[in-house]
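*Asks:* So that we are looking at the same thing, I have put the structure below in structure tokens.
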Amino acid sequence: MAVVTCPHCGHQNPLTSNFCSSCGADLDHGSEHGTTMSVTVPIDSPAEEIEIELDELPPGVGMLVVTRGPNSGSRFALDQALVTAGRHPDSVIFLDDITVSRRHAEVRQVSGGYVVADVGSLNGTYLNRERVEESPLHDGDELQIGTFKLLFLAGRR
């Protein structure tokens, strides 16, 4: 599960928290606080995790982080109108595994966010463990393409 670390006491809170459950501090790290917002993402096993500075993304640009698969920890900014994912070498998100179709899925920017769509893959595309043909993405969603799991982080405006 993705978490946000409190800038005051260091307590880890769920990503959707507005206030720290330990000290009550505001977790909105806007410019008035002069701090950056980061998210801790578990990778492959609970013992491994990476820290992502959300300020590294331009405002409104989402990100997919590979949390399970051969390239765990890889980050993909969704900074194009159409981001393709698959085993084809020309895919923006290249996932080299036999469980992934050459042209497996795509993520499209739409007004107000992103939509993931399966593009005729053999094994399907799953969002939060449910097979989907097309579905909107929300902050913290888990996308599964073949054996790869990716965490969607919505861009901060």
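The values are calculated or read from the model by the stated rules, or taken from the named source; none is laboratory data. Here the structure is a predicted model, which means the values were calculated and not measured. In this analysis, Cβ positions are derived from the backbone assuming ideal geometry, glycine residues included, and neighbour counts consider all displayed protein chains. Ligands, DNA and RNA are stripped out before the accessible areas are found, and what is left, the full protein with its side chains, is counted by its heavy atoms. Shrake-Rupley method; radii C 1.70, N 1.55, O 1.52, S 1.80 Å.
*Asks:* Of all residues in the range 121-137, count the ones that are over 22 Å from GLY73 (Cβ atoms) and either touching a helix residue (DSSP H, G or I) at 6+ places or on another chain (Cβ under 7 Å) or open to solvent by 50 Å² or more (accessible area, probe 1.4 Å) (or both).
*Replies:* As a first pass, look at the range 121-137 and keep what is over 22 Å from GLY73 (Cβ atoms): 121-124, 130-136.
Applying the additional criterion that residues be either touching a helix residue (DSSP H, G or I) at 6+ places or on another chain (Cβ under 7 Å) or open to solvent by 50 Å² or more (accessible area, probe 1.4 Å) (or both) yields 122-123, 130-131, 133-134, 136.
So the answer is 7.
*Asks:* Since VAL110 meets every condition but one in (1) open to solvent by 40 Å² or more (accessible area, probe 1.4 Å); (2) touching an Asp or Glu at 6+ places or on another chain (Cβ under 9 Å), which condition does it not meet?
*Replies:* (2)
*Asks:* Just checking, which of VAL66, VAL107 is touching a Phe, Trp or Tyr at 6+ places or on another chain (Cβ under 7 Å) and in contact (Cβ under 8 Å) with a residue 60 or more places away in the chain?
*Replies:* Working: VAL107 fails: in contact (Cβ under 8 Å) with a residue 60 or more places away in the chain.
It is VAL66.
*Asks:* Among the small types (Gly, Ala, Ser) and more than 30 Å from VAL4 (Cα to Cα): does that describe SER135? Give the steps one after another, and end with the answer.
*Replies:* On the way: among the small types (Gly, Ala, Ser): yes; more than 30 Å from VAL4 (Cα to Cα): no.
No; evaluated as a whole, the condition is false for this residue.
*Asks:* Within the range 62-93, which residues are open to solvent by less than 20 Å² (accessible area, probe 1.4 Å) and among the β-branched types (Val, Ile, Thr)?
*Replies:* Across the range 62-93, the qualifying residues are VAL65, VAL66, VAL83, ILE93.
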